[in-house]
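Input: a single structure, listed below in structure tokens.
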Amino acid sequence: MTINKLSLILLFLISITHLSAHDTEVSPNSETLDTIVSIDYVEVSSIKQGLTFYNKPITSSIINRRKIEECGIFSLKNISELVPNLYMPEYGSRITSSVYIRGLGARIDQPVIGLNVDNVPILSKDNFDFEMADVERIEVLRGPQSTLFGRNTMGGLINVYTISPLSYQGTRVGIDYGNGNSWKVRASSYNKLGTNLGLGVSGYFSHTDGFFTNVATDEKLDWESIGGARFRLQWRGDSDLAIDNTFSFSVLKQGGYAYALIDNDEIDYNDPSSFDRTNISYGLTIRKDYDKFSISGISSYHYTDNIMTLDNDFRPVSYFTLQQKVKEHNITEDIVIKSQEGASSYSWLFGAFGFFKHTNMDAPVTFKEDGINDLILSNANEHDPEYNYEWLDKTLLLESRFKIPNYGFALYHQSEYSIGHWNFTAGVRVDYETSTLKYNNYTNTNYQAIHRESGDKYPANLIIDNNEELKQSFIEVLPKVSVLYKINSIGSLYGSISKGYKAGGFNTQMFSDVLQQQMMSEISGMSSQYNAEDIVKYKPEYSWNYEIGGNFLWRDTGIKADFALFYIDCRDQQLTIFPEGMTTGRMMTNAGQTRNYGVEFSLNADITDQFTATASYGYTNAKFVDYKDGKNDYKGKYVPYAPRHTLSTQLRYSIPLHKSWGENLVINAGVRGIGKIYWDESNTTDQGAYALLDSSIFLENSGYSIGIWGKNLTNTDYSTYYFKSIGNSFTHKGRPQTFGVTLNINL
């Protein structure tokens with residue numbers, strides 16, 4: 001579909017549609033709020049954190065619905081750099097949802113930041129990159145949230161809230177089209193079925209042909225199609241009982257993995273790569289209010305079915321491929337008893353949380369002709385002076401099957417006491433978790449040994465069948481204390497000390513290397529390099545976070561600002577590394593100690609009724625204090641993949657038109673900057689600082705808005721990812737210059 005054709009369709013829709021607005025937001029100012037500020041008149045739906053973030057010892061960023069729609073935020077990766085010190089690079093596929101904040105983060109396994117959607121936790125970061133439709137707002141809490149939310153929130157927490165059918169009634173339709181034949185269609189309807197009962201139904205579908213070409217196939221490889229739906233049923237009873245019921249599902253099919261060899265800057269590999277995902281999520285939140293306290297229960301179930309197919313060498317040779325199939329079931333239950341806010345100078349909260357997570361994974365690696373010759377036979381022939389070896393099978397299958405049951409529970413408490421201008425908060429959480437890995441490592445292959453002198457041939461059949469079980473358990477005590485001073489009506493200053501942790505786990509991606517080494521030991525007598533238990537397990541990560549900050553609001557001038565200074569002492573920080581040599585896997589390891597310090601600043605200024613400016617900046621200095629890998633000492637080196645600077649500036653100018661066909665013309669322009677990013681522990685490779693220019697123009701009316709937008713307008717060349725595999729270095733380029741049009745209709 002061309003832009004001209006799309007424009008005709010949009011004009012036709014506008015001309016035949018009678019538009020009327022039915023927006024009945026609970027907060028009357030919700031449409032005028034902007035992003036990256038902490039303010040007191042935003043209703044916060046979080047059960048644990050209270051009604052507002054204003055005058056709380058929390059550094060937060062809020063992105064409201066208007067900003068989400070005008071900036072084209074359709075996934076969490078789109079908020080990267082908008083929030084100080086938050087970096088969510090876009091590379092690979094939607095399974096690669098790496099998150100870095102304040103120098104903390106890792107590319108695989110456990111996330112460093114938590115995610116809740118309508119109060120329902122998403123435990124696996126493999127599911128963080130989902131299509132966001134009809135989102136009311138996004139809240140990003142920076143700094144450890146471990147006391148209230150536990151594991152994997154040592155860097156912060158992201159809360160995503162969708163539109164409530166009790167706060168908004170009407171029908172919404174949205175259409176987007178951009179280059180790369182990228183288009184999105186979404187529709188939703190929100191209605192009250194009675195005085196206290198509301199139903200919201202939304203659906204979406206999007207597709208893109210992609211932007212990066214594989215030289216080997218001369219086709220775009222980062223194509224994607226995704227569709228899904230969400231149902232939300234809410235009831236607010238007269239007896240102070242509230243029920244929120246959500247159900248959602250999505251189906252994703254995509255290519256991806258636009259990894260270019262650094263030597264020639266070309267994406268060039270011969271075997272197919274793709275990622276398919278099916279998600280089903282259900283959440284039930286029940287809250288009962290009494291005179292002095294409330295009781296809430298948050299129950300959830302999440303099912304994921306993933307299939308990832310990779311040309312694992314990413315080159316036009318027949319080395320090896322991977323097809324990883326994962327089926328995962330997550331069940332959580334959170335019970336919160338909390339005093340009513342503002343009832344007295346002392347408030348309290350008690351909670352109990354439990355989860356069960358079960359993962360079935362099948363991850364076979366298939367070695368092909370070049371891989372057998374270069375990675376297996378060459379090593380075997382080099383280390384055996386008596387025999388040469390030949391493979392009798394065309395391929396070699398290294399099968400790895402895993403069952404990973406994981407469960408945990410926690411008890412937590414938080415107390416707050418206010419006296420005059422002062423507020424004191426103290427909390428503690430006791431967290432227990434156990435994780436088991438049951439694995440089957442298997443191969444059945446045929447080869448022959450040829451005596452170097454006599455030439456005699458000795459065919460052999462090699463069978464390796466390993467069935468083992470590994471187990472880890474953790475008990476963590478996570479305290480937090482904070483002091484806040486209220487400065488009359490303009491804001492507050494605070495200081496806090498808190499502990500966070502990220503759960504340990506297992507390096508399932510190293511099992512093909514473990515099996516390969518064992519196989520070579522069986523064939524040629526070459527000693528095995530890996531001990532499965534030593535290389536597969538990795539420990540939890542711990543941090544102590546020291547922070548001072550402030551939140552300010554000058555209502556008369558329309559200026560809102562916040563800042564934070566932080567210092568993080570991190571022990572056993574989890575790092576994703578690629579073992580040296582011609583290995584094929586990647587693994588998580590623990591650095592001895594790192595220290596991170598930095599600053600964050602956000603500003604929103606309503607300069608006039610029509611002109612708004614926002615700015616945010618984050619600086620992080622994250623270095624190793626103690627990290628030796630057996631060969632190198634990285635003390636004093638920067639932690640890789642964590643950017644040192646993030647910057648966002650945005651200007652919004654609204655021109656009143658007062659026409660029947662248009663009330664306002666809204667012009668947005670913004671710059672997002674990031675860098676420097678080191679790609680390895682030795683700091684020998686990096687991505688320098690870069691900036692991206694975005695802009696949009698929207699014509700707004702009471703019932704619709706139509707606009708054009710552009711991202712990365714200067715077509716800046718930059719990389720979002722770097723890695724090594726079997727001795728080769730690869731990079732993933734950022735998305736090039738893109739343009740598009742958007743139509744939003746409210747019926």
Handout entry: Members of segment 670-686 that are free of Cβ contacts under 8 Å to residues at least 60 places away in the same chain and among the basic types (Lys, Arg)
Key = 676
Problem - Matching residues in segment 228-238 - criterion: being surrounded by fewer than 19 Cβ atoms within 10 Å (Cβ to Cβ) and either assigned to a strand (DSSP E or B) or without any contact (Cβ under 8 Å) to a residue 12 or more places away in the chain (or both) - result: 229, 231, 233, 235, 236
Practice task
Just give me the residues in segment 610-624 being crowded, with 16+ Cβ neighbours inside 10 Å and more than 15 Å from residue 666 (Cα to Cα), in sequence order.
Solution key: 614, 615, 616, 617, 618, 619, 620, 622, 623, 624
Practice task
Could you identify the single residue in 206, 225, 281, 250 that is without any contact (Cβ under 8 Å) to a residue 60 or more places away in the chain, closer than 28 Å to residue 124 by Cβ and in a strand (DSSP E or B)?
Solution key: 225
Fill in the blank from the handout: By my count, strands (runs of 3 or more DSSP E) wholly in segment 684-747 with at least 3 residues that are among the aromatic types (Phe, Trp, Tyr) are 719-725
Practice task
Out of the residues in segment 382-393 that are out of contact with any helix residue (DSSP H, G or I) (no Cβ under 7 Å at 6 or more places or on another chain) and surrounded by fewer than 17 Cβ atoms within 10 Å (Cβ to Cβ), state the one that is nearest to residue 443 (Cα to Cα).
Solution key: 393
Fill in the blank from the handout: Of the listed residues (388, 381, 423), the one being in contact with a strand residue (DSSP E or B) (Cβ under 8 Å, 6 or more places away or on another chain), in a helix (DSSP H, G or I) and either over 27 Å from residue 122 (Cβ atoms) or among the hydroxyl-bearing types (Ser, Thr, Tyr) (or both) is 381
Exercise for the section: Answer with yes or no whether residue 276 is surrounded by 15 or more Cβ atoms within 10 Å (Cβ to Cβ), acidic (Asp, Glu) and in a loop (DSSP other than H, G, I, E, B). Expected result: no
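For (1) of a type in the set (A, V, I, L, M); (2) closer than 25 Å to residue 276 by Cα; (3) under 21 Å from the mean Cα position of the chain (by Cα), each residue gets a yes or a no:
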residue	(1), (2), (3)
167	no, no, no
179	no, yes, no
196	no, no, no
223	no, yes, yes
231	no, yes, no
Practice task
Among the candidates 333, 341, 390, single out the residue that is under 30 Å from residue 455 (Cα atoms), out of contact with any Cys (no Cβ under 8 Å at 6 or more places or on another chain) and among the acidic types (Asp, Glu).
Solution key: 390
Completion exercise
Residue pairs qualifying under the 9 Å Cβ cut-off, at least six apart or on distinct chains, with the first in segment 295-316 being in contact (Cβ under 8 Å) with a residue 12 or more places away in the chain and part of a loop (DSSP other than H, G, I, E, B) and the second being surrounded by fewer than 17 Cβ atoms within 10 Å (Cβ to Cβ) and among the β-branched types (Val, Ile, Thr), are 316/215
Practice task
Only residues that are free of Cβ contacts under 8 Å to residues at least 40 places away in the same chain and either under 25 Å from residue 680 (Cα atoms) or outside any strand (DSSP E or B) (or both): list them for segment 610-630, please.
Solution key: 623, 625, 626, 628, 630
Handout entry: Selection from segment 345-372 of residues that are assigned to a loop (DSSP other than H, G, I, E, B) and under 24 Å from residue 429 (Cα atoms)
Key = 345
Practice task
Please work out which one of (1) over 23 Å from residue 252 (Cα atoms); (2) without any contact (Cβ under 8 Å) to a residue 40 or more places away in the chain; (3) in a strand (DSSP E or B) is the condition residue 194 fails and give its number.
Solution key: (3)
Problem - The listed residue being modelled with pLDDT of 90 or more, surrounded by fewer than 22 Cβ atoms within 10 Å (Cβ to Cβ) and under 11 Å from the mean Cα position of the chain (by Cα), out of 136, 90 - result: 90
Practice task
Would you check if residue 682 is within 24 Å of residue 620 (Cα to Cα), more than 24 Å from the chain's Cα centre (by Cα) and not aromatic (Phe, Trp, Tyr)?
Solution key: yes
Completion exercise
The correct count of residues that are closer than 30 Å to residue 467 by Cα and either buried (at least 19 other Cβ atoms within 10 Å of the Cβ) or without any contact (Cβ under 8 Å) to a residue 24 or more places away in the chain (or both) in segment 403-426 is 3
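The values are calculated or read from the model by the stated rules, or taken from the named source; none is laboratory data. Model, not experiment: these values are computed from the prediction. Using ideal geometry, Cβ is built from the backbone for each residue, glycine included, and neighbour counts are taken over all protein chains shown.
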